[in-house]
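Asks: Sending over a structure as structure tokens; questions will come in a sec.
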Amino acid sequence: MKRITLLSFMLSILIVATGCGSQAGENASSAQATMAKPTPAADAPASVSVGPSSATSNSTTPLQQARVPAQDISALPVLYYHSVKVEQGNELCMPPNQLREQMNYLKEHGYQTISPAQMASFLKGEGILPEHPVLITFDDGYANNYTDAYPILKEFGFTATVFMISGALDSSGFLSTRQIQELSTNGWTIGGHTKNHEHLPQLDAAHQAQEMKDSKAVLEQKLGRPVSVFAYPYGEYNAQVKKAVQDDGYALAFTTERGWAKQGADPLLLHRVYLYANMGLQEFQRRIENPNY
Ligand SMILES: [Zn+2]
């Protein structure tokens, strides 16, 4: 049985390494939940963590821009991507040139990335934020987050958070230990996304706890720092899953529910903005400029 599970997991890794999952769309997460063995990338609309104290620690920090008290901002967008590559017919895969267009749009319109730590303060109405704050996240931990997304974001002085499937670390198509360490020392945050990307609400409490704890322990050991943000695989959670996240000491947890993260919101049930291939800049703009898009 164990062998079958392992084989099936390895197979899903292979599938993911060559693709980005099979479905997408704002409501794909529930459809995915019924599939026999979805690929890790399938959590379209869904995830977070609190990592380094500042996401703006890059040497590329742009010109001095207006900063405002967090209490003056009612909500902010948390973007989420998965794989960054060209794959026809799979909107979960964001082509690098489209990611660059979107980052360029953010830069030209005065947006600055914030860290999960800044996000945690914001939720409590504390701290100072850029006038146009945005939190960028990537789910699953694809190698192209390092080879493609990282250099693109760097061009614009942006940082992001990667929710890493710890069981996929150092596997083909996924980030390596060295890569997550480099991202982490360069202002990016590595968050938890469980060990095997299971459907957490379908597991018993013991299995859930194991999926969570193994993942957190491995990432913290590799990074040498606390891992305090989490994204629910497939965006799926229930009261028991949320409690496990809380018991593990995560400060922030992200869902795939649509909308911006609002000040005063439950830090373990944060909404995110889904972005997909070929959405066009106009739709991108609509989603990052309207809290109720
Ligand atoms: Zn995922």
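The values are calculated or read from the model by the stated rules, or taken from the named source; none is laboratory data. Keep in mind that what you see is a predicted model, and the values were worked out from it rather than measured. We place every Cβ from the backbone using ideal geometry, glycine too, and count neighbours over all the protein chains shown.
Asks: Can you tell me which residue among Val241, Val218, Val227, Val245 is closer than 22 Å to Thr113 by Cα and β-branched (Val, Ile, Thr)? Lay out the reasoning, then the answer.
Replies: Numbers: Val241 fails: closer than 22 Å to Thr113 by Cα; Val218 fails: closer than 22 Å to Thr113 by Cα; Val245 fails: closer than 22 Å to Thr113 by Cα.
The match here is Val227.
Asks: Which of the numbered conditions does Phe254 fail, given that it passes all the others? Conditions: (1) part of a helix (DSSP H, G or I); (2) in contact with a Ser or Thr (Cβ under 6 Å, 6 or more places away or on another chain).
Replies: If we test Phe254 against (1) part of a helix (DSSP H, G or I); (2) in contact with a Ser or Thr (Cβ under 6 Å, 6 or more places away or on another chain), just (1) comes out false.
Asks: Further question on the same structure: For segment 217-240, which positions are under 25 Å from Gln179 (Cα atoms), within 16 Å of the ligand (Cβ to nearest atom) and either hydroxyl-bearing (Ser, Thr, Tyr) or surrounded by fewer than 21 Cβ atoms within 10 Å (Cβ to Cβ) (or both)?
Replies: Tyr232, Tyr234, listed by residue number.
Asks: Right, another one. Within segment 105-121, which residues are touching a helix residue (DSSP H, G or I) at 6+ places or on another chain (Cβ under 9 Å) and farther than 20 Å from Val162 by Cα?
Replies: Here is the first cut: in segment 105-121, the residues touching a helix residue (DSSP H, G or I) at 6+ places or on another chain (Cβ under 9 Å) are 105-107, 109, 111-114, 118, 121.
Result: Tyr105, Lys107, His109.
Asks: Name the helices (runs of 4 or more DSSP H) wholly within segment 143-235 that hold at least 1 residues that are over 29 Å from Glu101 (Cβ atoms), more than 18 Å from the chain's Cα centre (by Cα) and of a type outside the set (A, V, I, L, M)?
Replies: Details: elements: 150-155, 177-185, 205-223.
It comes to 177-185, 205-223.
Asks: Still on this structure, I have one more. Of (1) of a type outside the set (S, T, N, Q); (2) within 16 Å of the ligand (Cβ to nearest atom); (3) surrounded by fewer than 24 Cβ atoms within 10 Å (Cβ to Cβ); (4) under 18 Å from Glu289 (Cα atoms), Leu106 satisfies all except one. Which?
Replies: Failed condition: (2).
Asks: Oh, and also: Let me spell it out: the conditions are (1) touching a His at 6+ places or on another chain (Cβ under 9 Å); (2) within 16 Å of the ligand (Cβ to nearest atom), and Ala143 meets all of them except one. Which number is the exception?
Replies: Ala143 satisfies all of (1) touching a His at 6+ places or on another chain (Cβ under 9 Å); (2) within 16 Å of the ligand (Cβ to nearest atom) except (1).
Asks: Right, another one. Please work out if Glu182 is surrounded by fewer than 18 Cβ atoms within 10 Å (Cβ to Cβ), within 16 Å of the ligand (Cβ to nearest atom) and at pLDDT 95 or above. Outline the logic, then answer.
Replies: Values: surrounded by fewer than 18 Cβ atoms within 10 Å (Cβ to Cβ): yes; within 16 Å of the ligand (Cβ to nearest atom): no; at pLDDT 95 or above: yes.
No.
Asks: Let me ask another. When the residues of segment 241-250 are filtered to those that are in a helix (DSSP H, G or I) and touching a helix residue (DSSP H, G or I) at 6+ places or on another chain (Cβ under 6 Å), which remaining residue is farthest from the ligand (Cβ to nearest atom)? Don't jump to the end; show me each part of the working.
Replies: Initial filter on segment 241-250 (in a helix (DSSP H, G or I)): 241-247.
Next, from what is left, pick out any that are touching a helix residue (DSSP H, G or I) at 6+ places or on another chain (Cβ under 6 Å): 241, 244.
On the way: Val241: 14, Ala244: 17 Å.
The selected residue is Ala244.
Asks: Let me ask you something else. For segment 96-140, give me the residue count where each residue is touching a His at 6+ places or on another chain (Cβ under 9 Å) and in a helix (DSSP H, G or I).
Replies: Taking segment 96-140 first, the residues touching a His at 6+ places or on another chain (Cβ under 9 Å) are 106, 109-112, 132, 138-140.
Those left that are additionally in a helix (DSSP H, G or I): 106.
Residues meeting the conditions: 1.
Asks: Picking from Leu175, Leu153, Leu169, which residue would you name as being buried (at least 21 other Cβ atoms within 10 Å of the Cβ), within 15 Å of the ligand (Cβ to nearest atom) and either modelled with pLDDT of 95 or more or not basic (Lys, Arg) (or both)?
Replies: Numbers: Leu153 fails: within 15 Å of the ligand (Cβ to nearest atom); Leu169 fails: buried (at least 21 other Cβ atoms within 10 Å of the Cβ).
On inspection, the qualifying residue turns out to be Leu175.
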